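Note sheet for the following structure.
The values are calculated or read from the model by the stated rules, or taken from the named source; none is laboratory data. Predicted model only: the values in this text are computed from it and were never measured. Cβ: placed from backbone, ideal geometry, glycine included. Neighbour counts: every protein chain shown. In case anyone asks, the SASA skips ligands and DNA or RNA and just uses the protein heavy atoms, side chains included. Shrake-Rupley method; radii C 1.70, N 1.55, O 1.52, S 1.80 Å.
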Amino acid sequence: PPRGMWPAEGSVAEEIIGPVYRAGIEWLLTDESILAKSIGADFARDENGLVAQPELLYRPYNAADRNDQPVAIFFRDTTLSNKVSFDYSQIPTEDAIADFMDTIHKVRDAVKNKSGGPYVMTIILDGENAWEWYDNDGKDFLKGMYTALSLDTTLKLVTPSEFLALNETPLTMIDTLFAGSWDGGDFK
């Protein structure tokens with residue numbers, strides 16, 4: 001049985017948490033814009049592409065309705081996810097991989113000494129749409145990206161289920177989960 005899911009278009013609302021929990025789903029994935037609106041944070045990027053409070057974005061939270069146990073929610077890094085989906089296909093593969101890894105290292109360095117970890121960067125793409133624009137259908141980029149990630153001894157690749165199993169720190173509860181999708185953080 002599935003343990004987690006990316007709801008259609010990353011759409012979430014408090015009203016779905018109970019049914020999702022009762023269906024046995026332990027975690028959901030959605031966009032950082034939902035988190036920003038839910039906790040009143042501003043995830044605008046600085047000149048280096050980093051959010052001002054990375055310790056708020058790069059971790060999962062719990063959400064619950066009034067009657068059920070919480071469900072963990074991971075929030076994607078919109079900027080890096082969109083670079084993979086839309087921008088990296090327009091530049092040489094080696095440059096794209098270098099930028100991807102540089103961004104991850106900047107985030108790693110930004111949260112390294114922050115309390116509240118461990119931290120996780122969630123990258124979620126706009127599904128099937130990206131690869132048709134890459135040379136060789138993205139195979140060169142994906143192979144290079146996964147090779148770079150696998151060889152990096154300062155990073156650990158995990159699924160959401162693996163992260164939750166490794167992390168014994170209780171997740172922060174979101175008081176009010178903003179209803180919306182990955183596209184702008186609302187349902188417009």
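Going by what's in this entry, would Lys156 be described as basic (Lys, Arg) and either more than 17 Å from the chain's Cα centre (by Cα) or open to solvent by less than 90 Å² (accessible area, probe 1.4 Å) (or both)?
Numbers: basic (Lys, Arg): yes; either more than 17 Å from the chain's Cα centre (by Cα) or open to solvent by less than 90 Å² (accessible area, probe 1.4 Å) (or both): no.
Against the criterion (basic (Lys, Arg) and either more than 17 Å from the chain's Cα centre (by Cα) or open to solvent by less than 90 Å² (accessible area, probe 1.4 Å) (or both)), Lys156 does not qualify.
For the stretch 9-30, how many residues meet the condition of being within 17 Å of the chain's Cα centre (by Cα), within 20 Å of Ala165 (Cβ to Cβ) and open to solvent by less than 40 Å² (accessible area, probe 1.4 Å)?
Here the count works out to 3.
If Ala110 satisfies all but one of (1) at pLDDT below 95; (2) over 29 Å from Ile16 (Cβ atoms); (3) open to solvent by 50 Å² or more (accessible area, probe 1.4 Å), what's the number of the condition it fails?
Every listed condition holds for Ala110 apart from (3).
What do you reckon, is Ala64 over 18 Å from Lys156 (Cα atoms) and hydrophobic (A, V, I, L, M, F, W, C)?
Details: over 18 Å from Lys156 (Cα atoms): yes; hydrophobic (A, V, I, L, M, F, W, C): yes.
Yes.
Considering only residues of the stretch 32-50 that are among the aliphatic types (A, V, I, L, M) and in contact (Cβ under 8 Å) with a residue 12 or more places away in the chain, which is surrounded by the fewest Cβ atoms within 10 Å (Cβ to Cβ)?
From the stretch 32-50, those among the aliphatic types (A, V, I, L, M) are 34-36, 39, 41, 44, 50; that's our starting set.
Next, only the ones that are in contact (Cβ under 8 Å) with a residue 12 or more places away in the chain stay: 34-36, 39, 41, 50.
Working: Ile34: 27, Leu35: 25, Ala36: 20, Ile39: 17, Ala41: 15, Leu50: 18.
Per the stated criteria, the residue is Ala41.
Please go through the stretch 51-61 and pick out each residue that is free of Cβ contacts under 8 Å to residues at least 60 places away in the same chain, open to solvent by less than 20 Å² (accessible area, probe 1.4 Å) and within 20 Å of Asn167 (Cβ to Cβ).
Leu57
Per-residue answers, yes or no, for (1) more than 20 Å from Tyr61 (Cβ to Cβ); (2) in contact with a helix residue (DSSP H, G or I) (Cβ under 9 Å, 6 or more places away or on another chain):
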residue	(1), (2)
Trp133	yes, yes
Asp137	yes, yes
Tyr146	yes, no
Leu151	yes, no
Thr169	no, no
Ala179	no, yes
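Going by the conditions given, is Asn48 under 24 Å from Ala148 (Cβ atoms), out of contact with any His (no Cβ under 8 Å at 6 or more places or on another chain), at pLDDT below 95 and not in a helix (DSSP H, G or I)? Write out each step before concluding.
On the way: under 24 Å from Ala148 (Cβ atoms): yes; out of contact with any His (no Cβ under 8 Å at 6 or more places or on another chain): yes; at pLDDT below 95: yes; not in a helix (DSSP H, G or I): yes.
Yes: the conditions hold for Asn48.
Between residues in the stretch 148-161 that are under 24 Å from Glu94 (Cβ atoms) and residues that are among the hydrophobic types (A, V, I, L, M, F, W, C) and assigned to a helix (DSSP H, G or I), which pairs lie under 7 Å by C-beta distance while being six or more apart or on different chains?
Ala148/Ile97; Ala148/Met101; Leu155/Ile104; Leu155/Leu149; Leu157/Leu149
So if I check each of Asp77, Asp65, which one is of a type outside the set (S, T, N, Q) and surrounded by fewer than 19 Cβ atoms within 10 Å (Cβ to Cβ)? Working first, answer last.
On the way: Asp77 fails: surrounded by fewer than 19 Cβ atoms within 10 Å (Cβ to Cβ).
That would be Asp65, the only listed residue that is of a type outside the set (S, T, N, Q) and surrounded by fewer than 19 Cβ atoms within 10 Å (Cβ to Cβ).
Looking at (1) within 16 Å of the chain's Cα centre (by Cα); (2) assigned to a helix (DSSP H, G or I), can you tell me which one Gly185 breaks?
So the condition that Gly185 fails would be (2).
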